[in-house]
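Asker: One structure coming up, written as structure tokens, with questions to follow.
The values are calculated or read from the model by the stated rules, or taken from the named source; none is laboratory data. Worth saying up front: this structure is predicted, and the values here are computed from it rather than measured. Cβ: placed from backbone, ideal geometry, glycine included. Neighbour counts: every protein chain shown.
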Amino acid sequence: MATTERTTPGGVKPRFLSRKQTPQTERVRLVRPQAPFQQEVDLSPEISDISRSMINTYCRFDATEKLQGGLVVDAYSVGPEDLALIMPIPIEEALDNLRRDVKRIDKIGLDNLPPEWSLIRSNAQATVTYKEEEERIARGEPKTDYKEYLPKVSGFDPRLISTKALDEGRERIIEGLQSKRLKFDPSKPQSVRAAFFAYQRYARRYYYAQEVAYRFAQYDDQYRSKLGAVLEEDLSDVNYKIVWDQADAFWMMWERPGIVDNILYANWHEKRHQKNWDEGKIQMFAFHEPPHFIYAYLIRREILKGNLDPATGILPIPSLGSYQYEGIAQTIPNFAPIELDSDGILATDVYRLEKRAINNGLYILETDSRLTVGEVARELRPYMLLKNQSEIMTLLQEGISQPFERAYLPVYGLSDYFFMDFAKKANQIQRNEFLKLVFKKPMTPFQLQVAADEVLKVA
């Protein structure tokens, strides 16, 4: 993977940064793995052709979407064998190509292919389903039923996270606020919110994007070395550049591992996010975002070794791969010896609880037509300290009406819950083993569950 120096906005390199920098990605011939089975007919040429076809289609399709201000690929660990082939492609042609390749995979049979082909096939089907849903909504037709749509585009059934888990998360936040010596009534949601806002007033805040970028890089240096030690990897060459945006969207940071550059977008939207850049939030994003780039880097290396098919190196969005990708990033401190201070812990707990609450709110709205967005927002508000009633309603409305948000918002809460649950059940040896596996083997949510169960069986 090509890398770029981390920079602050304006292109100023932090003075403390002394990592070795690498030139643009070397041109290497990908080693295509052979299927671990015996066949009377050699399927390798057919498999390689499908793989190349999907890579080229996704790269060209992504180029088309970018011309319209969108995207269809979230992370690249590979590109087409000839970069000059990345030319825009009509959307219908791209979808036809993906449909055709899915049929070719089905003709071969997943049982006759390496395990990663289950994810490759499912990701292609997810893209087709997602784009068809966008077209359906644009025509004014009813949206696809949630229990049919979510498994196809994200790989898991919609489900509630228990109220007990939400209440435990809220208790952790209350304990965090009490440790700040704030006086409030824990039994009253309004009092808890008032205490949180009081904490925010004196918490260390950052009012300039350059300051945020500098502080972020400092924390990244600390956390990355701890993660690298567990993975037994030198991660110093995995770099990125920060690009500031002012998007009216739910995200504060959004990473884009690329063929040439790694880009970390940071959101400075005046109303939605600018006021929320504090010390705790920066710590949380510093352990969450860089592992996305590390994941793409290590997957690329597995591809170059011939351990994975090259098509595994394309992560579309939304897709089944996002469950693994987002879940492990948000739970890194539960696997590696990363120490957050009280502000970082509190920010992580607030973020985690919000994502779980949003998952539950979307599920309720999708499955119970008697309830309104406003009613559900009021029920969620005790679990979402960073959002007011209007902001919660906006998130919920986007989450039940927009094809992308319908597919992606539940991923955060449910994948985080899965990895947290595993970390609680596992000992340190098992956590280390699972962490290494997750950073080298892309899986569907089902495969990930199977892998977790197998690791837990070994003492």
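Asker: Mind telling me which of the residues GLY344, GLY399 ends up being in contact with an Asp or Glu (Cβ under 7 Å, 6 or more places away or on another chain) and either over 22 Å from ARG172 (Cα atoms) or crowded, with 18+ Cβ neighbours inside 10 Å (or both)?
Answerer: Working: GLY344 fails: in contact with an Asp or Glu (Cβ under 7 Å, 6 or more places away or on another chain).
After ruling out the rest, the residue left standing is GLY399.
Asker: I need the full set of residues from the stretch 60-91 which are more than 23 Å from ALA296 (Cβ to Cβ) and not in a loop (DSSP other than H, G, I, E, B), in order please.
Answerer: If the condition is that a residue be more than 23 Å from ALA296 (Cβ to Cβ) and not in a loop (DSSP other than H, G, I, E, B), then LEU67, ILE91 are the ones that fit.
Asker: Would you say VAL153 is under 26 Å from GLN449 (Cβ atoms), assigned to a helix (DSSP H, G or I), without any contact (Cβ under 8 Å) to a residue 60 or more places away in the chain and not charged (D, E, K, R)?
Answerer: Taking the combined requirement at face value, the residue does not satisfy it.
Asker: Within the stretch 120-143, count every residue that is over 11 Å from PRO316 (Cβ atoms) and among the aliphatic types (A, V, I, L, M).
Answerer: Of the residues in that region, 2 qualify.
Asker: Can I ask one more? Taking the conditions exactly as written (part of a helix (DSSP H, G or I), touching a helix residue (DSSP H, G or I) at 6+ places or on another chain (Cβ under 7 Å), in the same structural domain as TYR297 (by TED's automatic domain parsing) and over 25 Å from ALA407 (Cβ atoms)), does ASP185 satisfy them or not?
Answerer: Details: part of a helix (DSSP H, G or I): no; touching a helix residue (DSSP H, G or I) at 6+ places or on another chain (Cβ under 7 Å): yes; in the same structural domain as TYR297 (by TED's automatic domain parsing): yes; over 25 Å from ALA407 (Cβ atoms): yes.
No: the conditions fail for ASP185.
Asker: Just the residues that are of a type in the set (A, V, I, L, M) and over 16 Å from ASP157 (Cα atoms), please, taken from the stretch 372-412.
Answerer: VAL373, VAL376, ALA377, LEU380, MET384, LEU385, LEU386, ILE392, MET393, LEU395, LEU396
Asker: Moving to a separate point now. Filter the stretch 421-443 for residues that are outside any helix (DSSP H, G or I) and of a type in the set (A, V, I, L, M); which is farthest from LYS226 (Cα to Cα)?
Answerer: MET443
Asker: On the given criteria, is LEU110 modelled with pLDDT under 95 and touching a helix residue (DSSP H, G or I) at 6+ places or on another chain (Cβ under 7 Å)?
Answerer: no
Asker: Residues that are surrounded by 19 or more Cβ atoms within 10 Å (Cβ to Cβ) and under 19 Å from ARG52 (Cβ atoms): does the stretch 103-115 have at least one?
Answerer: Yes, that holds for at least one residue.
Asker: From ARG159, ARG193, which residue is basic (Lys, Arg) and either in contact with a helix residue (DSSP H, G or I) (Cβ under 6 Å, 6 or more places away or on another chain) or modelled with pLDDT under 95 (or both)? Show your work before the answer.
Answerer: Working: ARG159 fails: either in contact with a helix residue (DSSP H, G or I) (Cβ under 6 Å, 6 or more places away or on another chain) or modelled with pLDDT under 95 (or both).
None of the others qualify; the one that does is ARG193.
The rows are residues; the columns are (1) more than 25 Å from the chain's Cα centre (by Cα); (2) surrounded by 15 or more Cβ atoms within 10 Å (Cβ to Cβ); (3) closer than 27 Å to GLN430 by Cβ.
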{"position": "ARG159", "(1), (2), (3)": "no, no, yes"}
{"position": "LYS180", "(1), (2), (3)": "yes, yes, no"}
{"position": "PHE184", "(1), (2), (3)": "yes, yes, no"}
{"position": "PHE196", "(1), (2), (3)": "yes, yes, no"}
{"position": "GLN200", "(1), (2), (3)": "yes, yes, no"}
{"position": "PHE216", "(1), (2), (3)": "no, yes, no"}
{"position": "VAL230", "(1), (2), (3)": "no, yes, yes"}
{"position": "VAL238", "(1), (2), (3)": "no, yes, yes"}
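Asker: Does at least one position in the stretch 190-202 carry a residue that is part of a helix (DSSP H, G or I), closer than 23 Å to TYR412 by Cβ, in contact (Cβ under 8 Å) with a residue 12 or more places away in the chain and aliphatic (A, V, I, L, M)?
Answerer: Yes: the stretch 190-202 contains one or more residues that are part of a helix (DSSP H, G or I), closer than 23 Å to TYR412 by Cβ, in contact (Cβ under 8 Å) with a residue 12 or more places away in the chain and aliphatic (A, V, I, L, M).
Asker: Sort out which residues of the stretch 128-140 are part of a helix (DSSP H, G or I) and out of contact with any helix residue (DSSP H, G or I) (no Cβ under 8 Å at 6 or more places or on another chain), and write them in order of number.
Answerer: Listed by number, the residues that qualify are GLU135, ARG136, ALA138.
Table: residues versus (1) more than 26 Å from the chain's Cα centre (by Cα); (2) in a helix (DSSP H, G or I); (3) surrounded by fewer than 16 Cβ atoms within 10 Å (Cβ to Cβ); (4) not charged (D, E, K, R).
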| residue | (1), (2), (3), (4) |
| --- | --- |
| GLU93 | yes, yes, yes, no |
| SER118 | no, yes, no, yes |
| ALA126 | no, yes, no, yes |
| GLY176 | yes, yes, no, yes |
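Asker: Go through the stretch 203-214 and count every residue that is under 21 Å from TRP254 (Cβ atoms) and either over 22 Å from the mean Cα position of the chain (by Cα) or among the small types (Gly, Ala, Ser) (or both).
Answerer: Total meeting the criteria: 7.
Asker: Looking at the stretch 383-401 only, could you name the residues that are assigned to a loop (DSSP other than H, G, I, E, B) and touching a residue at least 60 places away in the same chain (Cβ under 8 Å)?
Answerer: If the condition is that a residue be assigned to a loop (DSSP other than H, G, I, E, B) and touching a residue at least 60 places away in the same chain (Cβ under 8 Å), then LEU385, LEU386 are the ones that fit.
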